[in-house]
Structures are given as C-alpha cells and as structure tokens.
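This report refers to the structure that appears directly beneath it.
The values are calculated or read from the model by the stated rules, or taken from the named source; none is laboratory data. Owing to the predicted nature of the structure, the values given are computational and were not obtained by experimental measurement. Backbone-built Cβ (ideal geometry, glycine too); neighbour counts: all protein chains shown. Remember, those area values only see protein heavy atoms, side chains included, never the ligands or the DNA or RNA. Shrake-Rupley method; radii C 1.70, N 1.55, O 1.52, S 1.80 Å.
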Amino acid sequence: MPRLSYRKALTRALADEMARDESVFLLGEDIRAAASNVTAGLLKKFGPDRVLDTPLSEQAFTNFATGAALAGLRPVVEFQIPSLLFLVFEQIVNHAHKFPLMTGGQCAVPVTYLVPGSGSRTGWAGQHSDHPYSLFAHVGVTTLVPATPADAYGLLVSAIRHVDPVVLFAPAGAMDVRADVDFATLAPVPIGRGRVHRAGDDVTVVAVGHLVHDALAVAEELAGQVSVEVFDPRTLYPFDWDGLIESVARTGRLVVVDDSNRSCGIAGEIIATVVERVRLLAPPRRVTRPDGAVLPFAPALDRAVQPGREQLTAAIQLTLKDGS
C-alpha cells in the first residue's frame, strides 16, 4: 500500500477537483512556483489560466475570489501564512460569508480558503505562527482542521464542492505526516462529522488538528493504566456535538488539547457545550497555549508555549484523580 503525506494529499485533492470541475481554479501568492509545495505540478497540468499568481494584496485577491464565486466559479485561495487571515477577515466574514445569508439564499459564494502550514513552524515567530480558527468558528464560517492525509484529502474535496465559504487549516505539525493509504479509497469526508481514532472507556480526549497524533501517542503510553478515547472533531464549525456527547456520556471525563490561545478558544467552547449536556464524573481540563500567547522566535521558547504530551498526560491523570 503506498504512503501518502498530508501535503501531497492536499495536492492530490486540488488536482482531482480541478480535473473534475472546470470551474475550480487556484489563486494566491507564488502558487505557480509552489512556494508551499501544495500546488506543485498544477501549473504545468492545468495552465496559467487556472493557477493564478496574485499581487501582494490579500484583501484585493480575496474579494476577487468572492466576485468570481458570485459569477459561478469555484476559487481556491491559498494563504501561506495564517496571520494573513487577520487582514482579510472583513472580506471573508462581512462579504463572502454574509452575502448568501443577507440575500435570502439568492446567491452562493463557494470559495475555499486553504491555509497550509497553519500554526507553528520552528523559528517563524509571532507573526507567522497563529491558529486563528476560533475566530471563524465564532462567526459561523465553515471551519475545517484535518489531522491525517486521508482526511486532508477528503475535507479539501468537500470544501471545494461546498456551496458556502470554507476555511481549511492545514496545521504545520501535520504537513509531513505520512500514512499508508489505498488511493482508490480516497473520498470526500462529510463536513460536520467527527472521528474516533481510538476507542476508550475512562476519558475522552478531544484533540484538534496535528495534536491528534500526540493524543494517540499519549493514549498508547498510558494504555496499561488508563483507557483513553481520542476524538478528532475534524470540523470546528459545524461541530459534531452528537458524536462528542456520545463519547463523553460513556467515559464521563473530558480533556481537550488545542494549539491555540486559551481565552475564547475552541477548547473552552467544547468544554462549555459538553457540561451543558452531560454530567461529568470530574471537572474537565484543557491543554492549550497560554492566554494571549505570541510565539517567540527561539525554538526552545516556541516549543515551551505550545501544548505538549507531558501537559496532556498530566491533565488526563488529574481528571482521573479528581473523579476517583
């Protein structure tokens, strides 16, 4: 069975959808040169009319994509740096996202915003290392964070086919993950449906994006002591609340690990929603970046700010101790 990297899964999804649907085209900065390696080979295969390099004006080409979508095309916009989403929040949220709602569904804006390498890349420092997915979930934009190559492929395909704007965050920590994949089984992944990567009985760990792999490693390390269930939401908005509630109602304990800032983050929202619907055996725990974190340039400090396996292990053990 061939091995597929997360990065190449994104490339394959783009190529397959461009071949399937001539209305799909790509735009972004340096995508013809494949600066992020996600668009490698697509210029040669599909030509300059469907792989468009843009000027250094994110607000302009993001609104250009909105206009193209209103005209019946399906643009995919690549942002190499997650903080660029702060610049175009107006264009995505106030324009692309709201046009269909404010016109009573008389128009559609099927734009996909792809963020390859979201979060920390060692030494990229404060202005390049954010995970701002909570902002988009907050305002109701469809927000995807796949963890595995198969899910990266399937969710990107679903995003491109979706009738509304979709932001897909591809975490830097997952980009080089590889998995054995039968290419014939690659298929769209339903938006709004989570995935249990590992079944367990004692505690549910919700892990976002690349942290799924850390959660699985911790679950394996603790296997002789604790039965850990690892739940991957895959979609942060709309969230698979029914799937998560089923898991937590069975285990009675909840830990959330999320590589974004603590205050107003998705981890807090997950905990709040669960405790409204489930009586837990112990107080829930969250493992995140600190409040208002800005990642430093120095690699050791960069890693110190991010949630890690030791913190997750401690949170699981505290949850079990509190509920014993």
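Quick rundown of the values:
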quantity	calculated
Residue with peak Gaussian network fluctuation, the chain [Cα springs, cutoff 10 Å], from 112, 103, 39	103
Nonlocal amide H pairs with residue 206, under 5 Å, H built at 1.01 Å	231, 255, 256, 257
log10 of Debye I(q)/I(0), alpha-carbon scatterers only, for region 132-240 at 0.12, 0.13, 0.15, 0.22 Å⁻¹	-0.42, -0.49, -0.64, -1.20
Computed accessible area, residue 45, all protein chains, 1.4 angstrom probe, square angstrom	130
Whole-number percent relative contact order across region 83-134, with pairs defined as alpha carbons under 8 Å at least 6 apart	35
Trypsin sites (Lys or Arg not before Pro) within region 266-308: DSSP coil, no more than 11 neighbouring Cβ in 10 Å	279
Derived scalar couplings ³J(HN,Hα) [region 158-175; Karplus, 6.51 cos²θ - 1.76 cosθ + 1.60; whole Hz; x for Gly, Pro]	5, 4, 5, 7, 5, 7, 10, x, 9, 9, 10, 8, 10, x, 4, x, 10, 4
Residue-by-residue Karplus 3J(HN,Hα) for region 190-200, coefficients 6.51, -1.76, 1.60, Hz, glycine and proline x	x, 6, x, 10, x, 9, 8, 7, 8, 7, x
Under 5 Å, built H, 5+ apart or other chain: amide partners of residue 260	289
Share of pairwise Cα separations in region 21-77, more than 19 Å, in percent	24
Relative contact order, percent, the chain [alpha-carbon distance under 8 Å, six or more residues apart]	16
Binned Cα-Cα distances of region 193-324, short to long, each 10 Å bin given as a whole percent	13, 48, 32, 7, 0
Folded to 0 to 90 degrees: helix 58-70 orientation relative to the chain principal axis, Cα	80
Cα convex hull of region 71-218 - mean projected area over all directions, nm²	10.6
Alpha-carbon Rg with Dmax, taken over region 109-162, Å	12.5, 36
Region 256-324 - percent relative contact order, Cα under 8 Å, separation 6 or more	39
Qualifying chymotrypsin sites (Phe, Trp or Tyr not before Pro) in region 222-318, DSSP loop, other Cβ atoms within 10 Å at most 15	297
Between 0 and 90°, nearest 10: helix 211-221 axis offset from the chain longest Cα axis	30
Nearest-0.05 FRET efficiency for residue 1 and residue 139, computed from C-beta distance (R0 45 Å)	0.65
Placed amide H near residue 54: partners under 5 Å, 5+ positions off or other chain	28, 29, 30, 31
Degrees between helix 241-251 axis and first principal axis of the chain (Cα, 0 to 90, nearest 10)	20
Between region 11-76 and region 91-122, the Cα center-to-center distance that results, in Å	15
Residue 57 - accessible surface, heavy atoms, 1.4 Å probe, Å² rounded to 10	50
Gaussian network model of the chain, springs between alpha carbon atoms under 10 Å - residue of 128, 210, 197 with greatest fluctuation	197
Gaussian network model of the chain, Cα within-10 Å springs - most flexible of 104, 200, 123	104
DSSP beta bridges in region 90-239 [antiparallel fraction, %, rounded to 5]	30
Along principal axes, Cα extents of region 1-119, largest first, whole Å	47, 30, 29
Over the chain - Rg/Rh using Cα atoms and the Kirkwood inverse-distance radius	0.97
